[in-house]
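All of the numbers you see were taken from the coordinates with simple rules; none came from a lab. Model, not experiment: these values are computed from the prediction. We place every Cβ from the backbone using ideal geometry, glycine too, and count neighbours over all the protein chains shown.
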Amino acid sequence: MSYSSVSAAASANAARRGSAVSRRILIGLCWLVFVLFLGLPLFIVVSQGLKNGLGAFFTAILEPDALSALKLTVIAVLISVPLNLVFGVSAAWCVSKYSFRGKSILVTLIDLPFSVSPVIAGLVYVLMFGAQGLFGPWLQDHDIQIVFYVLMFGAQGLFGPWLQDHDIQIVFALPGIVLATIFVTVPFVARELIPLMQEQGTQEEEAARLLGANGWQMFWHVTVPNIKWGLIYGVVLCTARAMGEFGAVSVVSGHIRGVTNTLPLHVEILYNEYNHVAAFAVASLLLILALFILLLKQWSESRINRLRHNAAEE
């Protein structure tokens, strides 16, 4: 064996050793970050919730206000997620199947809740159109009240008298919470489906139409089977976001204990009352729900990747 061959082999071995060391360092750093910033805080939440034993834990999560918060959270999710499902599928269909003026604007607006803080979005409406806002004096001079979410539907708002006459309350009630939840969860289904439907194109739908299928048959028998796992993935993300939403719901809920508090708001109230064990117990309940949603997310994601891999092989 020549000297050059030995030298090349030694260099290759050194490169492999260096690569292995770098790999171990990167993996170790990833685990360190995970443990310090994700694993440890979650462990602390659960351990603090169980600090006084299982009896105190179940007392906290079965307390009437906690059950009311859980019920309201579930109701808000059950209303907002289907509505966003319909919107997401419709928006994805329009963006991926049609060319029209303002298409890029629609895509940008779909992403708006990702880039704007829900709290800031609510406050902007109040600061612009409230009595002390930018346009407030002019609007009051002309007897116009248009603050959205709070003053638009409040007792003194544009629709306030009519809503009161018909015993309908939007703000500080379930409708306001649902509206706020819809705002923050609008993008998830649409953003998951748009690239998927763009990748699939329109050939299969066009073939179905040529074979005599109507629009509804084409959608259910051609489109839905192709997007079902992406649809499930988007719904899972939307559900997780809706369950954990704090900022937007906090603006419109009124923090009425046992009436308009969702689980995240109930955790805040308990913590501010220095009832830390109960706060961590309810937070643990949220964590359990989040882990369940995460498992669904991983399952649906694995199915999507498997289908894409099979499609690529074909």
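Other residues whose C-beta falls under 12 angstrom from the C-beta of ILE182 contribute a net charge of 0, scoring Lys and Arg +1 and Asp and Glu -1. What whole number of Å gives the distance from the Cα centroid of the stretch 247-296 to the Cα centroid of the stretch 39-109? Answer, in whole Å: 12. Using the Cβ of SER115 as centre and a radius below 15 Å, the other residues enclosed give a net charge of +1, where K and R count +1 and D and E count -1. With a cut-off of 15 Å between beta carbons, the residues surrounding GLN217 carry a summed charge of -2, where Lys and Arg count +1 and Asp and Glu -1.
Ranked by how many other Cβ atoms sit within 10 Å of their own Cβ, fewest first, the residues SER250, SER19 fall in the order SER19, SER250.
Listed from fewest to most Cβ neighbours within 10 Å, the set CYS94, CYS30, CYS238 follows the order CYS30, CYS94, CYS238.
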